[in-house]
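Each remark here refers to the structure printed beneath this line.
The values are calculated or read from the model by the stated rules, or taken from the named source; none is laboratory data. Worth saying up front: this structure is predicted, and the values here are computed from it rather than measured. All Cβ positions, even for glycine, are placed from backbone atoms using ideal geometry, and neighbour counts span all protein chains on display.
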């Protein structure tokens with residue numbers, strides 16, 4: 001039974017792997033036996049993660065705001081290892097601002113960071129997966145994919161787009177044995193949330209609404225990501241699964 005959760009012989013490409021949720025997932029996939037390619041803007045941080053993993057870990061400096069770099073990230077991994085089996089899209093940026101202050105530049109920047117490059121990476125990996133008739137994509141969505149969050153109009157719009165992209169790719173590519181799912185984390189302690197959660201009233205409100213009565217850690221996302229990447233999840237696709245300590249149940 002435990003072999004169904006192993007990833008030996010598989011190659012996983014994780015973008016946004018330099019910190020936070022992406023880093024934790026990369027470490028978890030490696031622990032489950034996958035060979036891992038790490039992509040992010042910060043090459044120095046990627047090398048730190050690569051040293052933690054060890055082995056034949058591949059570092060790819062890539063800024064997904066540039067569609068060419070998103071495509072090259074996938075192509076470079078295939079060139080290095082001969083295949084990609086798992087794509088994890090964890091790269092992204094947060095923008096907190098009142099909706100009425102939105103400018104065109106804000107819209108372009110947040111969609112470039114959180115959606116455009118990820119869609120391009122999915123397409124590039126999808127062509128490879130369809131050819132091989134095998135592959136998994138795991139996108140990182142958000143509770144903001146479903147709920148309105150004050151000050152996060154643009155961020156929520158991009159994460160809503162990620163959720164719908166996930167569902168549509170699953171429908172389009174299911175006949176090719178390509179599974180596409182997303183994880184919607186709740187309040188997780190990362191660089192993106194640290195400033196907000198440092199506000200006592202926000203932290204108290206989050207803890208009060210979260211049945212497990214704690215803020216999540218990036219490691220809390222790892223088990224679900226490994227499961228979705230593994231043979232144990234072979235019949236699961238098109239899902240956006242909350243991992244939020246019960247926050248969305250209230």
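Just a few scattered comments:
- Beta carbons closer than 7 Å, at least 6 apart along the sequence or on distinct chains, pair a first residue in region 1-28 that is on the phi < 0 side of the Ramachandran plot and without any contact (Cβ under 8 Å) to a residue 60 or more places away in the chain with a second that is part of a loop (DSSP other than H, G, I, E, B) and surrounded by fewer than 22 Cβ atoms within 10 Å (Cβ to Cβ) for 8/33; 18/42.
- Residue count for region 151-172, restricted to those that are more than 17 Å from the chain's Cα centre (by Cα) and in contact (Cβ under 8 Å) with a residue 40 or more places away in the chain: 5.
- Considered as a group, the residues in region 125-143 that are touching a residue at least 12 places away in the same chain (Cβ under 8 Å), in a helix (DSSP H, G or I) and surrounded by fewer than 21 Cβ atoms within 10 Å (Cβ to Cβ) include one that is nearest to the chain's Cα centre (by Cα), and that residue is 143.
- Segments classed as helices (runs of 4 or more DSSP H), wholly inside region 1-117, with at least 3 members that are modelled with pLDDT of 95 or more: 20-31, 43-53, 67-81
- Every residue from region 1-21 that is in contact with a helix residue (DSSP H, G or I) (Cβ under 9 Å, 6 or more places away or on another chain) and buried (at least 17 other Cβ atoms within 10 Å of the Cβ): 7, 10, 11, 12, 13, 14, 15, 16, 17, 18, 19, 21
- One residue from 161, 175, 170 being in contact with a helix residue (DSSP H, G or I) (Cβ under 9 Å, 6 or more places away or on another chain) and either assigned to a helix (DSSP H, G or I) or surrounded by 14 or more Cβ atoms within 10 Å (Cβ to Cβ) (or both): 161
- Of the helices (runs of 4 or more DSSP H) lying entirely inside region 191-231, those carrying at least 1 residues that are within 22 Å of the chain's Cα centre (by Cα) and within 30 Å of residue 33 (Cα to Cα) are 219-229.
- Test: residue in region 180-199 that is in contact with a strand residue (DSSP E or B) (Cβ under 8 Å, 6 or more places away or on another chain), within 28 Å of residue 10 (Cβ to Cβ), touching a residue at least 12 places away in the same chain (Cβ under 8 Å) and surrounded by fewer than 19 Cβ atoms within 10 Å (Cβ to Cβ): no
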